[in-house]
Amino acid sequence: MLAIAIGLRVTRVGRLGPDGRPTVTVTDLAGADAAADPASALAALGAGATDEEAALALPATADRRAEARLRRAAEDVGLRVSRIVPEPVAAALHYGAIAEGVHRTVLVADQTAGAVDLTVLAITPDLTVRVVTTRTAQLADDHGLAALARVLAEAAPDAVLLSGDLYATPARRADIESLPEAQGLTVRCRTPELAVVHGLLLLEDFGLLRVATGPAPASTGFPPPLEDPEPGAWPTPAEDPEPHGIPPASALKDREDPPPPRSEPQTEATPKGRGELRDQPPPPRSQPPTKTTPKGRGELRDQPPPPHSQPPTETTPDPTPPPPSEAAGEPPPQPPPSPEAPRQRSVPVTQLQAIRRDDHLLVLWAWPDAALTARVRWRREDASADGDGPRDGDIRCQRRVYEHDGGLDLRLGRGAVTLTVEALVPDPAVDTEGAASLRIAAEPPIVEYEPTLRRRLNGTRYATVTFATRTGCDLPAVHVVHGLGRYRPTSTAEGAVLHEVPAQRLPAGAPLVVKFPFPGTRGPSWLVCFPADAPDTDIDLRPTALHRLRVT
């Protein structure tokens, strides 16, 4: 893989040599601005850099457009871009500041020409790096040192990491260490001119590294969903202006009561909504004239009717004209659509653990109250040894399926695996981004053996031991021990070594069969295999069945 860091005047390209050590080549662009024209900077690398996987770095002040422009320029010259990360993140990888299970804040001082970028990084245990703030200061007249002192006082980082050609001189590092705000802090300055390139070469070891922008949230709690404090309150006019033809109560109070018809002196009705006025029965004639006050929608509809003996009275017509849509016979307007569901936010789960069951993993965790779905990702660090299945994966796990099965079962082989689990919470009040991470160590490969005993026509006997494995592995030297008696030998000292199998490669699906003479004995006897160097063995040597070890 190539690691490409494009500066203002030069481009550095790093790669790992056959011995595993990084080598860096520097290409001078003859005065051109490489950061402004990444296509020319990448084209100057030559045709030998094409058709290769590459990791690139961008300044911390670059935006999404600059990242897209850099990716497009790299693909135009034939490179396969695997990752683009900010330069301060690459420098933090170079100094080893990013690791699983650590929680720290670092300040990266990245020198570029006549300026310095001061970036504060917040590193969380789940391999998430947040670019909290980035400031650019000029180096002239010690403006860079003054800006550095202000950032140190505000951010209070755990360490200062230096990156750039300028900090290769001991005097610059001494100036930073002499600042009062830097007293007690660790200032790292190991090959600062190659910090970005070396950090890019380490990206392969951080497949689950996440880069975010902005400060980390203050808390990771899960507050209950918000409830309407007044579920029966009237909507505002902007939200629902006179729903179903009924004006709000405030509008009713401001209207004046029109005089009743002269032929009907009994009652004086206050204008109401058209739908409520038509459904309301008149009061009895024996009652004195009254003046009704406006009521809510529910009160008018629930009012009991008058006695049947009273004849109905005419009511005052509604002074409000019907809307044009209803007058023309058109259907009433539909209510506004309901708001969209809140965006799913990822939060780390708790109590993450995994239980090995041969080549399966039973993954368990504690669900947040509001989560119904979890995202599970894994990366197998030695997937080539297992021979089957993808190297990494990304699935969604439903909570009802998890509770029904008693966990999440994954068949990932016996190699080392890195897991991350994050719950998806539909709560807008939660602003936490992260995932719980867990690394499961590799288990030794299983090598099964089965001894058999045969007799030839001449009466001599010989034994055969078959070794087989489902995954390719290196078989160490093995001793075949013959033990007499009713009890199976548990070590080499409890029997005689009949045959020694030399150390060799044992491919998957290709059994190894060894034959050797078997001495004549009386009574029960056993054939058991033990590694020649038991403390240093890297395999799990086990018989196919214990009863098959007894050969006579």
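Applied to segment 116-129, the Karplus parametrisation 6.51 cos²θ - 1.76 cosθ + 1.60 on θ = phi - 60° returns per-residue 3J(HN,Hα) values of 9, 9, 9, 10, 9, 10, 10, 10, 10, x, 8, 6, 10, 10 Hz, with x for Gly and Pro.
The Cβ shell under 15 Å around A92 holds other residues with a net charge of 0, Lys and Arg each +1, Asp and Glu each -1.
Rounded, prolate or oblate: which fits segment 121-163 when a ≥ b ≥ c are the square roots of the eigenvalues of the alpha-carbon gyration tensor, with rounded for a/c under 1.5 and prolate only if a/b beats b/c?
Working: a/c = 2.68, a/b = 2.30, b/c = 1.16.
It comes out prolate by the Cα gyration axes.
Y167 exposes around 20 Å² of accessible area when a 1.4 Å probe is run over every protein chain in place. Of the peptides 9-16, 198-205, 515-522, the order by per-residue mean of other Cβ atoms within 10 Å, starting with the highest, comes out as 198-205, 9-16, 515-522.
Annotation: peptides 186-192, 467-473, ranked by per-residue average of other Cβ atoms within 10 Å with the highest first, follow the order 467-473, 186-192. Here r is the Cβ-Cβ distance between E67 and T544 and R0 is 41 Å; the resulting FRET efficiency, rounded to 0.05, is 0.15. Can you figure out the FRET efficiency of S82 with Y487, using R₀ = 56 Å and their beta-carbon distance, to the nearest 0.05? So the FRET efficiency works out to roughly 0.45. Calculate the FRET efficiency for D205 and D409 from the Cβ-Cβ distance with a Förster distance of 35 Å, rounded to the nearest 0.05. With a Förster radius of 35 Å, E is 0.80.
For the peptides 172-185, 434-447, residues were scored by their other Cβ atoms within 10 Å and the scores averaged per peptide; the highest-first order is 434-447, 172-185.
Taking the Cβ of V129 as the centre, find all other residues whose Cβ is under 11 Å away and add up their charges (Lys, Arg: +1; Asp, Glu: -1).
The answer is +2.
Using Cα-only point scatterers and the Debye equation, what is log10 of I(q)/I(0) for segment 41-138 at each q in 0.13, 0.15, 0.23 Å⁻¹, rounded to two decimals? Per q value, in the given order, log10 I(q)/I(0) is -0.54, -0.70, -1.15. Taking each residue as 0.36 nm, the span from H103 to L498 lengthens on full extension beyond its C-alpha to C-alpha distance by 136.5 nm. Think of a 1.4 Å ball rolled over the protein heavy atoms: segment 464-552 then has 56 Å² of accessible area per residue.
Here each label is just a point 7 Å from Cα along the line to Cβ, and for D28 and E181 those points are 3.6 nm apart.
If you take all other residues with their beta carbon under 15 Å from the beta carbon of R486, and give Lys and Arg +1 and Asp and Glu -1, the sum is +2.
The values are calculated or read from the model by the stated rules, or taken from the named source; none is laboratory data. Please read these numbers as outputs of a predicted model, since none were measured by experiment. Note that each Cβ is placed from the backbone with ideal geometry, even for glycine, and that neighbours are counted across all protein chains shown. SASA here: full protein model, heavy atoms, side chains in, ligands and nucleic acids out. Shrake-Rupley method; radii C 1.70, N 1.55, O 1.52, S 1.80 Å.
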